[in-house]
Amino acid sequence: MTTDWRTSIQISGYPYIRMGHLFEKERYLEDYIAKHGLYSKIGIETVHRQYSPKGTRDKLDFLGKMGEQKIVLELKHQDGGKSAVEQVLRYAGYLMGDNAKDSTGISMNIRKILVTGIQNRETAFAIKALTTEERENFEWYLYNYNSKTGDLDFVRITEKDIENQLSAQFN
């Protein structure tokens, strides 16, 4: 294979999936989603950008809401890895301490969403390690961005997709 010196290549010893162009920085992805209201494509009505839970220095990319349900929406412009999964869970924990109750006073489940540009095995392993209950409210999406047309869509990564990816590395 011959490449030009300006060509960027990625070498990986394990399978990964990338659907479209990647944003250069996470902030650019966040700006694009906010500007175009694309969070609605994954079932979020309203968002508070860069929300900082009480008593922390952490900032959620987006604190979303659908009705009365709170939603953690964390973005990674490339891959996520185990730290991104932990980050989403930590943010959800903060929100549970932030009076996460519905109008009847019942404690509510926090919907947890991770969006990445690359589906990799580290993120897949981290999600697979969650309990069944934890996985019920955890969603992983790949963003599919076409920089020429400006189109951005989200593709849900299912548990079956994760199983297929992890089994492929051993074949």
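Quickly run through segment 150-162 and pick out the residues that are over 19 Å from S40 (Cβ atoms) and not charged (D, E, K, R).
Pass one, segment 150-162, residues over 19 Å from S40 (Cβ atoms): 157-162.
Answer for segment 150-162, where residues must be over 19 Å from S40 (Cβ atoms) and not charged (D, E, K, R): I157, T158, I162.
All conditions in (1) farther than 24 Å from R18 by Cα; (2) assigned to a loop (DSSP other than H, G, I, E, B); (3) in contact with a helix residue (DSSP H, G or I) (Cβ under 9 Å, 6 or more places away or on another chain) hold for R57, with the sole exception of (3). On the stretch given as segment 41-100, residues that are β-branched (V, I, T) and over 22 Å from L29 (Cβ atoms) total 1.
Cβ-Cβ distances below 8 Å connect no pair with a first residue in segment 52-68 that is in contact (Cβ under 8 Å) with a residue 12 or more places away in the chain and surrounded by fewer than 11 Cβ atoms within 10 Å (Cβ to Cβ), a second residue that is assigned to a strand (DSSP E or B) and of a type in the set (D, E, K, R), and a separation of six or more residues or different chains.
Contact map, segment 15-43: first residue closer than 25 Å to F125 by Cα, second residue surrounded by fewer than 16 Cβ atoms within 10 Å (Cβ to Cβ) and small (G, A, S), Cβ cut-off under 7 Å, separation 6 or more or different chains; pairs are P15/A168; H21/S147.
Being among the basic types (K, R) and within 17 Å of M96 (Cα to Cα) is the filter here, so list the residues in segment 33-70 that pass it. Scanning segment 33-70 gives K54, R57, K59, K65, K70.
FYI, it's all coordinate maths here, none of it is from the lab. Given the structure is predicted, the values throughout are model-derived calculations rather than measurements. When we count neighbours, we look across all protein chains shown, and the Cβ atoms used for this are built from the backbone with ideal geometry, even at glycine.
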